[in-house]
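Taking it in order: structure first as structure tokens, then the write-up.
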Amino acid sequence: MASMFGPGSSTANIYVPEEWSEAANSIAYDSVTSPPPFSFICGAKNSGKTTFSRHLLNILLQRYGKVAYLDTDVGQPEFTVPGFVSLTVVDKITPDLAIPCLKTPERCFFFGDVSSKRDPSTYLKYIFTLFDYYREEYCMFDKSENAGRIELPLIVNTPGWVKGIGYEILVDMLRYICPTHVVKINISAESKNLPGGAFWLDGDCDGMVNIVEIKSAQQDNFNRSVLVQKDASLLRDLRIMAYFRQCFPSDKPITTIKELAHALASHPPYEVPISIIKIRHLHCQVPSTETYYSLNATIVGLAVSSEESEDLPWCVGLGIVRGIDTFKGVLYVITPVPPSTLEKVNLFLQGFIQIPTCLLQVKGCRSPYVTSNVLSDRFY
């Protein structure tokens, strides 16, 4: 029976070389206590950015107790499902560097895709807004006015798209954030690496920046750093399934894809009046006559929008639109977001994050997703 979390992962394959440990320790302990370091982790795809970020996170936690983590990798985020950029405050050490874990971010935006290439400007706007929030909440520039404010170090995890437009996006991020430390992870294939030195600087950043260049931990028989190939699509599906597993108590026996599919099929959805929800389609245009039909059997971002932040709606989680009753004016939604938070949601964001195909293909299970436009049942 297929496990919902795939083959077992072992930390035996997670190798943290001495070079990595020295780099992490220098960032954490060679820095003055105030202000804490801003660490920007970058490098080619699958070079080990996430693993190094987890290791650095643990080292920083030992000194500071809490660490802010700005995740800009919408394809393989650290603490959320795919499609999000997020700021998470972490206060617990990760004992196993091989196992990712879901956490509730302090602030996040639903970009709705696994790559920034469809809309780089909106992607950057989300990141800059999250960084501005971090600066406002967790940086102390005037100690006389913010004596009680906690200062937290920051880790910025980035995607592995470092060529073409991806490179330009990375440069824009570096210039805006102005990190104290930039960690570049290199592999032996030099053509895939970022340029040497402070390649993004043109005088916009004040002060000194520490550039830390390290090699990928994975090496071949000739002791050369190599890319670690990962099934990105599978990892994304596992994250989405783990997220919707949270709809159920942790002690409920759901360990396989089939068990999760059956549990979701029998789970009563929330009933959301169409009249109180706005719909926004990300990265595409949908005719107004097809708006609600296009939502059926899809994953949507559940967001809170206001007049002040209409273009920057905070997202509180994801939901599956199980069905739509246009006669009753109701959307049926499955989500682990608690009712107290869900009642604040006034905007559904539809992007390109899809229900994992494996959930739709479970035999002998009445799918909760592929439904007619009008449901005869009513759930409370």
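The values are calculated or read from the model by the stated rules, or taken from the named source; none is laboratory data. Just so it is clear, the model here is predicted, and its values are computed rather than measured. Cβ sites come from the backbone with ideal geometry, for glycine too, and all protein chains shown count toward neighbours. Calculation scope for accessible area: heavy atoms of the full protein, side chains included, ligands and nucleic acids excluded. Shrake-Rupley method; radii C 1.70, N 1.55, O 1.52, S 1.80 Å.
One table, with the values for the structure above:
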| read-out | value |
| --- | --- |
| Index of the failed condition, Lys184 passing every other in (1) over 25 Å from Pro36 (Cβ atoms); (2) touching a strand residue (DSSP E or B) at 6+ places or on another chain (Cβ under 7 Å); (3) at pLDDT 85 or above | (1) |
| Filter result (open to solvent by 30 Å² or more (accessible area, probe 1.4 Å) and under 16 Å from the mean Cα position of the chain (by Cα)) within region 125-136 | Lys125, Phe128, Thr129 |
| Region 41-88 - residue that is in a loop (DSSP other than H, G, I, E, B) and basic (Lys, Arg) and, of those, farthest from Val337 (Cα to Cα) | Lys45 |
| Region 263-276 residues that are in contact (Cβ under 8 Å) with a residue 60 or more places away in the chain, paired with ones that are open to solvent by 70 Å² or more (accessible area, probe 1.4 Å) (beta carbon under 8 Å, 6 or more apart) | Ala265/Arg366; Pro268/Tyr380; Tyr270/Pro339; Glu271/Arg378; Glu271/Tyr380 |
| Within region 74-110, considering residues that are acidic (Asp, Glu) and surrounded by fewer than 22 Cβ atoms within 10 Å (Cβ to Cβ), the one modelled with the lowest pLDDT | Asp96 |
| Which listed residue, of Val286, Val304, Val333, Val345, is in contact with a helix residue (DSSP H, G or I) (Cβ under 8 Å, 6 or more places away or on another chain) and open to solvent by less than 70 Å² (accessible area, probe 1.4 Å) | Val286 |
| Of all residues making up region 288-334, the number that are within 29 Å of Asp132 (Cα to Cα) and at pLDDT 85 or above | 15 |
| Which listed residue, of Thr298, Thr326, is surrounded by fewer than 16 Cβ atoms within 10 Å (Cβ to Cβ), among the hydroxyl-bearing types (Ser, Thr, Tyr) and in contact (Cβ under 8 Å) with a residue 40 or more places away in the chain | Thr326 |
| Single condition Thr122 does not satisfy, out of (1) more than 22 Å from the chain's Cα centre (by Cα); (2) modelled with pLDDT of 95 or more | (1) |
| Failed criterion for Thr371 (all others in (1) modelled with pLDDT under 80; (2) within 30 Å of Ser121 (Cβ to Cβ); (3) among the β-branched types (Val, Ile, Thr) hold) | (2) |
| Residue count, region 242-283 (criterion: surrounded by 17 or more Cβ atoms within 10 Å (Cβ to Cβ) and touching a Pro at 6+ places or on another chain (Cβ under 6 Å)) | 2 |
| Flag for Glu19 being of a type in the set (D, E, K, R) and either without any contact (Cβ under 8 Å) to a residue 12 or more places away in the chain or open to solvent by less than 20 Å² (accessible area, probe 1.4 Å) (or both) | no |
| From the options Phe84, Phe79, Phe38, residue that is closer than 24 Å to Met241 by Cβ and touching a residue at least 60 places away in the same chain (Cβ under 8 Å) | Phe84 |
| Residue tally, condition under 24 Å from the mean Cα position of the chain (by Cα) and β-branched (Val, Ile, Thr), over region 288-331 | 7 |
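Conditions tested, residue by residue: (1) within 18 Å of Pro35 (Cβ to Cβ); (2) modelled with pLDDT under 95; (3) assigned to a loop (DSSP other than H, G, I, E, B).
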| site | (1), (2), (3) |
| --- | --- |
| Phe128 | no, no, no |
| Phe131 | yes, no, no |
| Lys143 | yes, yes, yes |
| Asn146 | yes, yes, yes |
| Gly160 | no, yes, yes |
| Asp172 | no, no, no |
